[in-house]
């Protein structure tokens, strides 16, 4: 059993799960949605996580009923499990639990629930409507990728199953979100800024923000909460507020991100994961940044395009994550473009992504244009690429252009 979890692996898993949730029919009843998700998730994660199969048990009045089996023969598993079953108790208590040793006390195998193989379980929903999902693991599985993926799945599923119960607060959430997001970027001497966010629903899971500490430093951020709609909007509220309070108080970017991750991980209401790019820009063009699992910032220079990737994994799935600071520089005439998946994963009629290559091409057409003009080109190109259809996901772009000397 291996245990390494690289930033690239974590980011790939989170982005894959993000796309998976967005393409499922959100109008299905909870149990149908969960069943469809389990099938799609097994197909998407089978090789990377070394999965043998997946079981879904649904809570009933006097026990847990087997509702779905993927990748295995249904007859091999009990149709009914008592609520006192220790393996179920451990999963319910910890929300995600890995039974690495099939012979350990409380393992599903010892209670004749699962075969004698390592497995992991997660619970979603609230009493008395909980679902326990078991993932059977094959040889060569790795603890940290499995732990990361299942925490991410649990968070996103929990938010989806909660969505209908809190829909009555939708209008209030929209008002709260709009009060947090800026209409226009601030002025910062020597730089031209532009930003725009288009939600796929009434409220969105994308955000951008600017923090003007003084004339010497401008904080800027962009983020993308998993999914869209009400749960994503609530997470945006938590992240924006947390960044504003933490950065202003401590001025230690990596430390603030670690604390924010712990807060979001403990939150039952937000219950999702979010990618964030945050940078602090100085008048001389120095940019200190942290990229928490977000698509790379693209810095356009005469020598080419630099990808700003240093940081860590997405915020939320794991309780303890460390982040690193990256340093770059915008020289006069350079352009920094930050975007979310709504732009990069915009699909054409054939199902192809707009992607980073097309984004680079559109931006590079004229780096001397004002930031607002570059922003307009990106949105127009992505919208046309999608054949003029409504946006499938929240779409957000921030453009920062350092003005030529003497401008």
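The values are calculated or read from the model by the stated rules, or taken from the named source; none is laboratory data. All values reported here derive from a predicted model rather than from experimental measurement. Ideal geometry is used to build each Cβ from the backbone, glycine not excepted, and the neighbour counts take in all protein chains shown.
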Pick out the one residue from 165, 160 that is in a helix (DSSP H, G or I), buried (at least 19 other Cβ atoms within 10 Å of the Cβ) and modelled with pLDDT under 85.
160
Please specify each residue of region 376-407 satisfying the condition of being in a helix (DSSP H, G or I) and under 16 Å from residue 299 (Cβ atoms).
378
With 307, 280 as the choices, which residue is modelled with pLDDT of 95 or more, assigned by TED's automatic domain parsing to the domain that holds residue 367 and either under 20 Å from residue 151 (Cα atoms) or touching a helix residue (DSSP H, G or I) at 6+ places or on another chain (Cβ under 9 Å) (or both)?
307
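Condition test on residue 67, is it assigned by TED's automatic domain parsing to the domain that holds residue 43 and either surrounded by 14 or more Cβ atoms within 10 Å (Cβ to Cβ) or at pLDDT below 85 (or both)?
Details: assigned by TED's automatic domain parsing to the domain that holds residue 43: yes; either surrounded by 14 or more Cβ atoms within 10 Å (Cβ to Cβ) or at pLDDT below 85 (or both): yes.
Answer is yes for this residue.
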Please work out which one of (1) more than 25 Å from the chain's Cα centre (by Cα); (2) farther than 20 Å from residue 303 by Cβ; (3) surrounded by 12 or more Cβ atoms within 10 Å (Cβ to Cβ) is the condition residue 369 fails and give its number.
(2)
